[in-house]
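Notes to accompany the following structure.
Taken together, the values in this text are just the output of simple stated rules run on the coordinates, not laboratory data. These numbers come from a predicted model, not from an experiment. Neighbour counts are summed over all protein chains in view; Cβ atoms, including those assigned to glycine, are modelled from backbone coordinates with ideal geometry.
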Amino acid sequence: MGGNMELYEAIFTRRSHRLYKPDLPPREVLERVINAALWAPSGTNAQPWQIDVMTGRYRDEFVERAAHSISHLLPILKAAQVPEKAQQLVISFFKDLGGAPVVIAVTVDKVEDPGMMEANIQSGAALMQNLLLAAHAEGLGTCWMTGPNFVARELLDYLGKPDRHLLAITPIGYSAKEPPVPPRKPREVRWLGF
């Protein structure tokens, strides 16, 4: 099956990586990651997802388009009073996705019914989490990105999938720098009837 990391270890040690080595992961490793992702649960077992794995010029052209989301993100970062230095780091990352040699885009079926659309989004999110954990177990870094959704239409057109919903993208590759452990917010868990 590939990696040998225990589930809890994978969950607690997975990080969002923003700087990558240029080394291309072997295709068989990426295939194991994708296969694990595809075992995610989905509403009514619809499996509404599609995955695009890009490298080379496809990755470069896709990233160039995804970088257009910076103009949408900056006002949000400023409104949230994110320090200028951190804003510059975001801009730098979005321009080349940290140099990751591979980018993965996950799309789901777009449907009219709001309840079914929500189910498709939740199903795609389960796939995305599987993908991130499997990549981590294989020694690869990832970064779940929803910022590019600001330019989803442009990205979907590039992929030739204008009638789908862009769930998220992730760069994937060998990390060049281990990210710090981000703080966790206080729990908001209610235990009823215990």
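Across all directions, the average flat footprint of the convex hull enclosing the Cα atoms of segment 109-191 is 8.2 nm².
In terms of other Cβ atoms within 10 Å, Trp49, Trp191 run from fewest to most in the order Trp191, Trp49. Relative protection proxy for 52-59, 39-46, from highest mean packing down: 52-59, 39-46 (other beta-carbon atoms within 10 angstrom).
Projecting the Cα atoms of Tyr20, Gly141, Ala79 onto the charge dipole of the chain (Cβ charges, centred on the Cα centre) puts Ala79 farthest toward the positive pole. When you restrict to C-alpha pairs under 8 Å that are six or more residues apart and normalise by the size of segment 110-194, the relative contact order lands at 28 percent. Take every Cα pair under 8 Å whose residues are at least 6 apart in sequence, average their separation, divide by the length of segment 45-173, and the relative contact order is 36 percent. Normalised by 2.2 N^0.38 Å, where N counts its residues, the alpha-carbon radius of gyration of segment 15-124 equals 1.28.
Under the rule of -39500 (n - 2.57) per DSSP H run of 4 or more residues, summed and divided by the residues of the chain, what mean residue ellipticity at 222 nm is obtained, to the nearest 500 deg cm²/dmol? Show your work: numbers first, answer last.
Values: 7 runs with 84 residues, N = 194.
For the chain, the value works out to -13500 deg cm²/dmol.
If the Kirkwood radius is taken over C-alpha pairs of the chain, then at 4 °C and 1.567 mPa s the Stokes-Einstein diffusion coefficient equals 73 µm²/s.
Based on the mean of other beta carbon atoms within 10 Å per residue, what is the order of 75-84, 150-159, most packed first?
Put in order of decreasing packing, that is 150-159, 75-84.
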